[in-house]
Amino acid sequence: MRSLRNGVLGLFAVVFLLFLSYLVVGSMATEWRFPALFPNGYTFHRWEAVLNRTEWALALFYSFLLSAFVSLTCTSIGLLTASGLSRDPLSTLWLRLCYLPYGLSPVLYAYSMQFFYHTTGMAGTWFGVYLAQFILVYPFAVVLFFNYFDEKMHNLEDIAASLGASRWVRLKTVTLPVLRQPLQTVFAQLFLVSWFDYGITSVIGTGQVKTLTLFVYQYIGESDLYYSALASCLLIAPPLFLWLFHRTFALKPSK
Amino acid sequence: MQKQKIPWLRWLFLLLGVLPPLAGLIYSFLYSIGGTGALSTGWTARYWIELLEEKGFWAALSWSAAIAISVSLLSSGIAIGLVLGWKNRLDRPNWSAIMSLPLFFPPIVAAFIGYQWLSSSGIIARMAFWAGWIQGPEAFPAIVNSPNQLGLVLTLLIFQVPLFVLVSWYHYKEARVSDFQEQASALGATGLQAIRTIAVPILWNRMKPTMVIYGVFLFGAYEIPLVLGQQYPGMLSVFLHQKFKRYDLFDIPVAYAGTFIYALIVLASTLYFFKTLQKEVQNK
């Protein structure tokens, strides 16, 4: 029984490492068809082509910028909102209202808001996609931060206030330092929601805003295994490396 | 605690968090009854009748519900089983790191991998070929894009279970389940009894909010069903997306009616479940 359990755990590890290596190998395969378990040969020409083509470099750069910006603005505004609303007498109502967009399927949400972007001319622009993603992600931020503004946090802030700290001083010297860890987690989570988004970007971006997820879907549609795998690698690598870096260096105890 | 109102924050929240989905909901409804849209000729109920009479819509709705509920329940059950089996190992940081790997796979990539591994010429089929179990791709059972939805469910499970393991592991520690188990054994319960009557109910109750949230997400899942699911009627998001994109422009109001129904279901189920779950928590 014990070995079986360890086996299942090991299986998960192996499966996910296999998935990752499948993407890397697939992006470098010369030919890989049924029934071959491994490609006929390997080539770097796709990677070279991609790294030399401005279209891809720009997609990577703009996708990253978009997600970083969405996450940054949502984290900060979401934090402020949660901190204010949690002290509001109607706080439960506000939290409930957050669930309204929280559970909606992004693609259907995007369709229901499409009209506003078309009439304002924001559809098909990076700013339009930014705004749509912001509106999708912002409630996540509020919900995630809401839990941290409990009685303990309010008491801490109240003590600082009774000692004469203004709102901004309290935020700077009490709230933000206490929430250092959650801030990082929420930022990372929101970044991923935006970085992985396909529904909003494809509908509001009308295919003109080319983020990496759209590239993956385009190549899947063309059943191009090799380029789909490559685009998937580019999509997974940045967050994965940042996370590994964070685990290795930032999480080590400082003393 | 000092209660205070910060009016501008409240307005900001209403403007950014509540107004957009509400506006979308109202717009969808108006579009579906002919109140707006390029082809609108006046108020009408015919798009609603068309939608409600369409078998595909009901099939999509029931598929979505069935898959959302079964995948949530299954993931949770499997995860609890694994946590109770592995408790000591999950404490090691490397194992919990492996369990968080699926977080880095966007749904679109999960769909791609699911397809490449489970289709009839995929990696699993190739392994079966080399093992001598099948003679060619056509002998491999169709589980991708097939009415049995097996490929879809399997892919969702593979990417869902590890995250559920992390969540139930957190609850396992937070609720001090192992202490309770020890106490039960000290009072004479066998290991299995302690698991069945103590550990499983505690974890199951604590996993309920997670199940509801993921269930609602899965109900509207789009990318994975798009690539791996049955082509028609598919899951709800896919079905409605196809309607939005169809060449027949008279399908668009029908799609908006479907979106409106979908949004209402999501809203009602989240509010209902959170209310009952909140009560349950307060009663304890």
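If we scan region A:114-134, do we find a residue that is at the interface with chain B (Cβ under 9 Å from one of its Cβ atoms) and within 22 Å of A:L183 (Cα to Cα)? Within region A:114-134 (the criterion being at the interface with chain B (Cβ under 9 Å from one of its Cβ atoms) and within 22 Å of A:L183 (Cα to Cα)), the answer is yes, since at least one residue qualifies.
So, restricting to helices (runs of 4 or more DSSP H) that lie completely within region B:1-62, which ones have at least 3 residues that are in contact with a Pro (Cβ under 8 Å, 6 or more places away or on another chain)?
Values: elements: B:7-13, B:19-32, B:46-53.
Hits in region B:1-62: B:19-32.
Scanning for something within 11 Å of chain A (Cβ to nearest Cβ) and either basic (K, R) or more than 24 Å from A:I204 (Cβ to Cβ) (or both), does region B:251-260 turn up at least one residue? Show your work before the answer.
Start the filter on region B:251-260 by keeping residues that are within 11 Å of chain A (Cβ to nearest Cβ), which leaves B:252, B:255-256, B:258-260.
So of that shortlist, the ones also either basic (K, R) or more than 24 Å from A:I204 (Cβ to Cβ) (or both) come out as none.
No, region B:251-260 contains no residue that is within 11 Å of chain A (Cβ to nearest Cβ) and either basic (K, R) or more than 24 Å from A:I204 (Cβ to Cβ) (or both).
What about A:S63, is it in contact (Cβ under 8 Å) with a residue 24 or more places away in the chain, more than 18 Å from B:F13 (Cα to Cα) and polar (S, T, N, Q)? So A:S63 passes the test. Taken across region A:239-254, residues that are within 11 Å of another protein chain (Cβ to nearest Cβ), modelled with pLDDT of 90 or more and within 30 Å of A:M122 (Cβ to Cβ) do not occur at all.
Here are B:I78, B:I67: which of them is part of a helix (DSSP H, G or I) and farther than 23 Å from B:L236 by Cβ? Spell out the reasoning first.
Details: B:I67 fails: farther than 23 Å from B:L236 by Cβ.
The unique qualifying residue is B:I78.
Pull out all pairs, ordered by first then second residue, where Cβ-Cβ is under 8 Å, the residues are six or more apart or on different chains, the first lies in region B:227-239 and is at positive phi, and the second is in a helix (DSSP H, G or I). Between residues of region B:227-239 that are at positive phi and residues that are in a helix (DSSP H, G or I), the close pairs are B:G234/B:A60; B:G234/B:W63; B:G234/B:P225; B:G234/B:L226; B:G234/B:Q242.
Does region B:162-172 contain at least one residue that is part of a helix (DSSP H, G or I), over 24 Å from A:W32 (Cα atoms) and in contact with a Phe, Trp or Tyr (Cβ under 7 Å, 6 or more places away or on another chain)? Outline the logic, then answer.
As a first pass, look at region B:162-172 and keep what is part of a helix (DSSP H, G or I): B:162-172.
Next cut, over 24 Å from A:W32 (Cα atoms) only: B:162-172.
When the remaining residues are screened for being in contact with a Phe, Trp or Tyr (Cβ under 7 Å, 6 or more places away or on another chain), the result is B:162.
Yes, there is a match, as at least one residue in region B:162-172 is part of a helix (DSSP H, G or I), over 24 Å from A:W32 (Cα atoms) and in contact with a Phe, Trp or Tyr (Cβ under 7 Å, 6 or more places away or on another chain).
Evaluate the following for A:L95: is it within 14 Å of the chain's Cα centre (by Cα), surrounded by fewer than 24 Cβ atoms within 10 Å (Cβ to Cβ) and part of a helix (DSSP H, G or I)? When the stated conditions are applied, A:L95 does not pass them. Going by the conditions given, is B:I113 buried (at least 20 other Cβ atoms within 10 Å of the Cβ), more than 9 Å from every other protein chain (Cβ to nearest Cβ) and farther than 28 Å from B:G191 by Cα? Spelling it out, it is not the case that B:I113 is buried (at least 20 other Cβ atoms within 10 Å of the Cβ), more than 9 Å from every other protein chain (Cβ to nearest Cβ) and farther than 28 Å from B:G191 by Cα.
Taking region A:167-216 as the range and being charged (D, E, K, R), more than 10 Å from chain B (Cβ to nearest Cβ) and farther than 19 Å from A:A237 by Cα as the test, the residues that pass are A:R170, A:K172, A:R180.
Considering A:A165, A:A160, which residue is surrounded by 16 or more Cβ atoms within 10 Å (Cβ to Cβ), small (G, A, S), assigned to a loop (DSSP other than H, G, I, E, B) and in the same structural domain as A:S71 (by TED's automatic domain parsing)?
A:A165
Criterion first (farther than 29 Å from A:Y138 by Cα and within 11 Å of chain A (Cβ to nearest Cβ)) does B:I26 satisfy it? Considered against the rule, which asks whether it is farther than 29 Å from A:Y138 by Cα and within 11 Å of chain A (Cβ to nearest Cβ), B:I26 comes out as no. Taking the condition of being at pLDDT 85 or above and in a loop (DSSP other than H, G, I, E, B), how many residues in region B:176-191 meet it? Qualifying residue count, region B:176-191: 2.
A Cβ distance below 9 Å, combined with a sequence gap of six or more or placement on separate chains, defines the contacts here; from region A:146-160, residues that are without any contact (Cβ under 8 Å) to a residue 12 or more places away in the chain reach residues that are surrounded by fewer than 16 Cβ atoms within 10 Å (Cβ to Cβ) and in a loop (DSSP other than H, G, I, E, B) in the pairs A:E151/B:M1; A:N155/B:M1; A:D158/B:M1; A:D158/B:Q2.
Among the residues of this structure, B:A110 counts as one that is in contact (Cβ under 8 Å) with a residue 60 or more places away in the chain, assigned to a helix (DSSP H, G or I) and among the aliphatic types (A, V, I, L, M).
The values are calculated or read from the model by the stated rules, or taken from the named source; none is laboratory data. Remember, predicted model here, so these are calculated numbers, not experimental data. Ideal geometry is used to build each Cβ from the backbone, glycine not excepted, and the neighbour counts take in all protein chains shown.
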